[in-house]
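Contents: one structure, followed by commentary.
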Amino acid sequence: MTAPVLEGRKEVAARPRRRPRRRTNDRLVGWLLVTPAVAYFAVFLLYPALSALYYSFTDWNLRSAASWVGLANYSDLLFNDVKYPHFWKSVQVTLQYTLIAVPLTMVAALVQALLVNSIRRGANLFRLLLFLPVVTAEAAVGAIWRWLYDPQYGLINSVLGLVGIPGQNWLNTPELVIPALAFISAWQCGISMIIYLAGLKGIPGTIREAAIIDGAGPWQRFWRVIVPMLRPTTFYLLVTGVIAALQVFGLVYVIFSGSGRSVTGGPEQSGLSYVLHLYLFAFRYDAMGAACAMSFILLIFIMIITALQFRFVKQEAS
């Protein structure tokens with residue numbers, strides 16, 4: 001009667017000896033699974049970032065060897081208006097664009113989400129149609145909106161003329177360039193609309209029913225129920241929207257590079273965004289070192305803005 005017990009004890013005692021092999025195999029499999037992602041991160045993200053950091057301290061034109069200049073690129077960009085006359089202009093343009101485009105985009109996305117959420121039939125079709133501007137190539141978007149903003153043949157001025165409003169030279173008037181670009185950004189609010197729509201679906205129906213029972217009207221339900229409950233969604237879209245707006249490039253490049261025009265950011269550099277200015281220094285003015293320095297100045301600025309948003313903007317639903 002004791003032998004089976006001893007054998008069972010021996011088997012129980014022998015089992016832990018196999019676990020280290022299994023753990024080793026699991027670790028090996030785990031490393032094999034993450035190796036492609038780690039390799040991609042190291043080759044295509046980490047190495048270029050470290051290289052750009054190094055070249056930001058050099059004078060390099062992509063053709064000759066880079067020469068070390070230390071912090072000269074950073075100091076010249078920030079304080080040398082003669083060498084870099086449009087640096088602060090690009091900062092101003094980017095900030096103005098961000099202050100207009102981000103709220104306008106969020107409002108447009110929320111309105112579209114509310115409309116789609118209120119539709120019972122055909123909601124998927126409207127959601128698809130409103131999302132199409134996001135998946136449209138930026139080259140096509142720029143070409144279409146260049147025609148829409150055309151002072152003579154553009155559709156926008158034609159519609160304004162029908163209601164007695166004089167047309168405008170949207171892309172050649174410095175005061176109208178940034179609002180025109182911000183309107184295009186609001187037109188491409190499909191991703192924000194989908195996220196807001198998901199937030200609306202997540203609001204419990206019992207809360208809305210309680211508000212209706214308490215006598216709250218549609219406007220009161222919007223401000224007292226929907227807006228507070230969407231606060232986490234709004235915070236997320238605010239942070240990501242600001243980051244995207246500070247890096248706007250493709251649309252501005254396409255808008256102001258058509259019809260044989262040189263890329264300068266529009267009249268009086270009124271559309272010269274920061275990243276467009278960075279691109280010009282890197283590939284037009286043969287100043288890759290200064291362009292790399294501009295990229296890290298932008299990185300620091302984005303980190304500061306994001307930290308301030310996390311510090312002062314409410315994130316929790318109420």
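The values are calculated or read from the model by the stated rules, or taken from the named source; none is laboratory data. Please read these numbers as outputs of a predicted model, since none were measured by experiment. For neighbour counting, all protein chains shown are included, and Cβ atoms are generated from backbone atoms with ideal geometry for every residue, glycine included.
Annotations
- Hits in region 169-185 (condition: in a helix (DSSP H, G or I), in contact (Cβ under 8 Å) with a residue 60 or more places away in the chain and more than 17 Å from the chain's Cα centre (by Cα)): 171, 172, 174, 175, 177, 178, 179
- Condition check for residue 221: out of contact with any Cys (no Cβ under 9 Å at 6 or more places or on another chain), of a type in the set (Lys, Arg), more than 30 Å from residue 149 (Cβ to Cβ) and surrounded by 15 or more Cβ atoms within 10 Å (Cβ to Cβ): yes
- Screening residue 69 on (1) over 30 Å from residue 237 (Cα atoms); (2) in the same structural domain as residue 192 (by TED's automatic domain parsing); (3) hydrophobic (A, V, I, L, M, F, W, C) shows it passes everything except condition (2).
- Condition met for residue 276 (within 30 Å of residue 140 (Cα to Cα) and surrounded by 15 or more Cβ atoms within 10 Å (Cβ to Cβ)): yes
- Of everything in region 79-100 that is of a type in the set (A, V, I, L, M, F, W, C) and more than 15 Å from residue 295 (Cα to Cα), the residue that is surrounded by the most Cβ atoms within 10 Å (Cβ to Cβ) is 93.
- Considering 103, 151, the condition of being outside any helix (DSSP H, G or I) and either surrounded by 14 or more Cβ atoms within 10 Å (Cβ to Cβ) or not hydroxyl-bearing (Ser, Thr, Tyr) (or both) is satisfied by 151 alone.
- Residue within region 64-78 that is surrounded by fewer than 14 Cβ atoms within 10 Å (Cβ to Cβ) and either of a type in the set (D, E, K, R) or in contact with a Gly (Cβ under 6 Å, 6 or more places away or on another chain) (or both) present: no
- Candidates are the residues of region 288-318 that are touching a residue at least 24 places away in the same chain (Cβ under 8 Å) and β-branched (Val, Ile, Thr); the one that is farthest from residue 90 (Cα to Cα) is 313.
- Every listed requirement among (1) at negative phi; (2) in a loop (DSSP other than H, G, I, E, B); (3) free of Cβ contacts under 8 Å to residues at least 12 places away in the same chain is met by residue 144 save one, (2).
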